[in-house]
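Encoded as structure tokens, the structure appears first; notes follow it.
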Amino acid sequence: MSSSSERGSIRAQLSPAGIVIGVIGCVIITTSSVYTALKMGALPWPTIFTSITALVLLRALGRRSLNEANITQVIMSAGSMVAGGLAFTIPGIWMLGLADTVSVVQLLSVALGGTLLGLVCTALIRRRFVDESGLEYPIGTAAAETLQASEAGGSTGRRLFASMGLAGLYAVLRDAFGLIPSMLFALPIPGVAFGIYNSPMMLSVGFLVGAGAVTAQLAGGLIANFGVIVGGTAAGLVDLATADGIVKSLGMGLMMGSGLGVVVKDILPKARAWFAPSVGGAATDIESRADAGALAIITAVAALIVCVGLDLGPVVAVVVVLLSFVTTIMSAQSVGQTGIDPMEIFGLIVLLIVAAISDTAGTGLFLVAGVVAVTCGLAGDVMSDFKTGAIIGTSPRAMWAGQAIGALIGSFVSVAVLVALAGAYGLDAFGPGRAFVSAQASVVATMVSGIPSVPAFVTGVVGGIVLYVAGLPAMMFGLGVYLPFYMTLSMFLGSMAKFAFGRVMRARGVDARKSGEAGVVVASGLLGGESIAGVVLALVSVVTGMLG
């Protein structure tokens with residue numbers, strides 16, 4: 001059991017004020033994350049944004065503990081990756097016209113089952129992959145540096161909320177009143193969605209991701225759209241429909257190949273060491289029979305949810321539980337080394353295994369992928385946060401409790417927002433070239449229903465593995481191939497804005513860390529403001545539709 005001093009430390013770090021702020025922030029961040037993941041086919045880590053926000057709000061209350069701020073940001077950010085796991089898998093059901101085969105209760109079961117498994121698995125592997133592995137966890141390390149170095153005062157808070165408000169107003173004027181065009185410089189190129197999406201959120205994602213990765217995405221977009229589609233059709237090699245199938249298959253293969261590249265390069269060579277005796281003989285955070293019993297009960301509840309709540313049967317439930325442990329190890333390794341968590345790829349791997357050993361098909365496979373994606377998404381977030389805590393001295397138990405609070409709340413919020421968006425925009429609004437591009441969910445749908453061009457897909461898988469092993473941003477290249485070109489071009493402009501901003505700040509003699517933090521604050525505010533406004537508009541549409 002925990003000592004009295006440890007329990008006192010946990011109570012000080014997991015404070016009532018921090019919990020209240022964290023819960024409110026969790027609702028907002030989770031809502032924003034569902035919209036962002038569906039709209040853009042990507043989900044930037046919210047950790048830096050939530051760290052700064054937690055500091056600003058707690059200091060406004062006169063509280064200055066970095067550990068309390070860290071726990072608060074843990075609660076705020078936990079739901080975002082639950083949202084990502086759902087958004088990256090479940091809309092594929094609607095793309096295949098299977099809406100009548102899935103209920104809100106099943107969606108909630110996916111979120112809760114994945115959340116519980118993620119919490120159990122991270123409790124089992126934290127000590128091995130944080131304290132003993134030497135993995136960098138770049139996102140967690142950056143969050144720790146932000147908390148340590150930031151003197152977040154009034155100016156930081158004003159920038160954050162002012163940029164959020166401006167982006168929200170901009171989105172309302174564009175989407176609700178039509179006073180601002182949604183697309184700029186659009187050109188009628190057959191098969192190519194060319195233009196600049198007039199979106200602060202899209203530019204902000206490019207700013208946050210940076211020029212290197214987004215340049216790789218642009219290269220993929222140029223090759224796919226102007227090489228395969230424009231060049232192939234102009235040369236008479238393929239018709240437009242065939243070229244589109246080749247591009248989508250190639251993009252899916254590259255994204256899946258990059259996930260498998262993580263396995264080949266980062267996981268298999270180190271797998272044996274993971275199961276070797278831990279330093280000092282303590283491999284996990286299980287310190288008592290009570291700990292073991294609690295984790296066993298949580299695991300049993302998760303298995304019951306998969307078996308009965310999702311009606312997948314005991315065999316599939318056991319497979320999902322066991323493979324969730326394996327895939328969370330994969331997620332921890334990937335996030336620890338690269339800061340990337342290809343959660344939907346891990347879901348696809350388990351989906352394919354379940355399809356091979358059972359008669360599960362259709363909607364059931366999506367539900368399996370959803371549970372695993374939520375598990376791995378939460379695991380990546382939890383392990384990064386544990387790294388932050390290890391650097392600044394936050395109690396792991398307090399952080400785990402904070403993750404549990406945020407993830408469970410995020411499960412309900414993400415399902416509610418997903419259902420609200422589907423009701424407001426219609427189920428045909430999800431998929432490539434539509435209101436919600438849902439790129440990852442489209443990949444899952446294609447794997448379930450059949451690949452348009454198997455040779456292009458195989459080429460992409462092999463290419464993705466090779467690119468990742470060579471140290472190149474294979475996932476971003478694949479996203480560029482797969483996503484509509486206007487999204488990639490808009491993100492590229494955002495990354496160029498970051499490059500220009502850095503040059504101007506250096507020319508003015510501004511410290512790189514301070515200018516970087518200022519840029520992150522404003523970009524995060526713009527991203528959050530537009531995505532929250534989008535969800536609010538969707539909810540208004542649902543309510544007015546019901547009243548009408």
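The values are calculated or read from the model by the stated rules, or taken from the named source; none is laboratory data. The structure displayed is predicted, hence computed values, not measured ones. So basically every Cβ, Gly included, is an ideal-geometry build from the backbone, and we count neighbours across all protein chains shown. Side chains included, ligands, DNA and RNA excluded: accessible areas come from the protein's heavy atoms. Shrake-Rupley method; radii C 1.70, N 1.55, O 1.52, S 1.80 Å.
On inspection, Ala37 passes the criterion of being under 18 Å from Met343 (Cβ atoms), at pLDDT below 90, buried (at least 24 other Cβ atoms within 10 Å of the Cβ) and in contact with a helix residue (DSSP H, G or I) (Cβ under 7 Å, 6 or more places away or on another chain).
Taking the listed residues Ala317, Ala361, Ala302, the one that is open to solvent by 20 Å² or more (accessible area, probe 1.4 Å) and of a type outside the set (Ser, Thr, Tyr) is Ala361, with no other qualifying. Taking residues in region 175-197 that are open to solvent by 40 Å² or more (accessible area, probe 1.4 Å), and partners anywhere that are among the β-branched types (Val, Ile, Thr) and part of a strand (DSSP E or B), the pairs with Cβ atoms closer than 9 Å and at least 6 places apart or on different chains are Met183/Ile196; Leu184/Ile196; Phe185/Ile196; Ala186/Ile196.
If only residues of region 253-273 that are more than 30 Å from Ala445 (Cα to Cα) and open to solvent by 40 Å² or more (accessible area, probe 1.4 Å) are counted, the one that is modelled with the highest pLDDT is Pro269.
Conditions (1) buried (at least 17 other Cβ atoms within 10 Å of the Cβ); (2) at pLDDT 85 or above, marked per residue:
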| position | (1), (2) |
| --- | --- |
| Ala470 | no, yes |
| Gly478 | yes, yes |
| Ala497 | yes, yes |
| Lys514 | no, no |
| Ala538 | yes, no |
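One residue alone among Thr388, Thr375 is crowded, with 19+ Cβ neighbours inside 10 Å, among the hydroxyl-bearing types (Ser, Thr, Tyr) and more than 15 Å from the chain's Cα centre (by Cα), and that residue is Thr388. Does Leu108 meet the test of being at pLDDT 80 or above, open to solvent by 10 Å² or more (accessible area, probe 1.4 Å) and within 29 Å of Phe88 (Cβ to Cβ)? Yes: the conditions hold for Leu108. Tallying residues that are within 16 Å of Trp400 (Cβ to Cβ) and of a type in the set (Val, Ile, Thr) within region 292-332 yields 4.
The residue list Arg63, Arg126 contains one member that is open to solvent by 10 Å² or more (accessible area, probe 1.4 Å) and free of Cβ contacts under 8 Å to residues at least 60 places away in the same chain, which is Arg63.
Number of residues in region 77-105 that are part of a helix (DSSP H, G or I) and open to solvent by 10 Å² or more (accessible area, probe 1.4 Å): the value is 7. Residue count for region 40-60, restricted to those that are outside any loop (DSSP other than H, G, I, E, B) and either in contact with a helix residue (DSSP H, G or I) (Cβ under 6 Å, 6 or more places away or on another chain) or crowded, with 23+ Cβ neighbours inside 10 Å (or both): 13. Among the residues of region 436-463, those that are over 15 Å from Val247 (Cβ atoms), of a type in the set (Gly, Ala, Ser) and touching a residue at least 12 places away in the same chain (Cβ under 8 Å) comprise Ser438, Ala441, Ala445, Ser449.
Among residues belonging to region 198-223 that are crowded, with 19+ Cβ neighbours inside 10 Å and among the hydroxyl-bearing types (Ser, Thr, Tyr), point out the one that is nearest to Phe49 (Cα to Cα). Per the criteria, the residue is Ser204.
Considering only residues of region 480-495 that are among the hydrophobic types (A, V, I, L, M, F, W, C) and closer than 20 Å to Asp244 by Cβ, which is modelled with the lowest pLDDT?
Checking each candidate, the answer is Leu483.
Out of Gly168, Gly232, one residue alone is more than 26 Å from Gly460 (Cα to Cα) and either open to solvent by less than 40 Å² (accessible area, probe 1.4 Å) or part of a helix (DSSP H, G or I) (or both). It is Gly168.
Can you work out which of the residues in region 411-458 that are assigned to a helix (DSSP H, G or I) and hydroxyl-bearing (Ser, Thr, Tyr) is surrounded by the most Cβ atoms within 10 Å (Cβ to Cβ)? Of everything passing the filter in region 411-458, Ser414 is surrounded by the most Cβ atoms within 10 Å (Cβ to Cβ). Only a single item in (1) within 20 Å of the chain's Cα centre (by Cα); (2) outside any helix (DSSP H, G or I) is not met by Leu472, and it is number (1).
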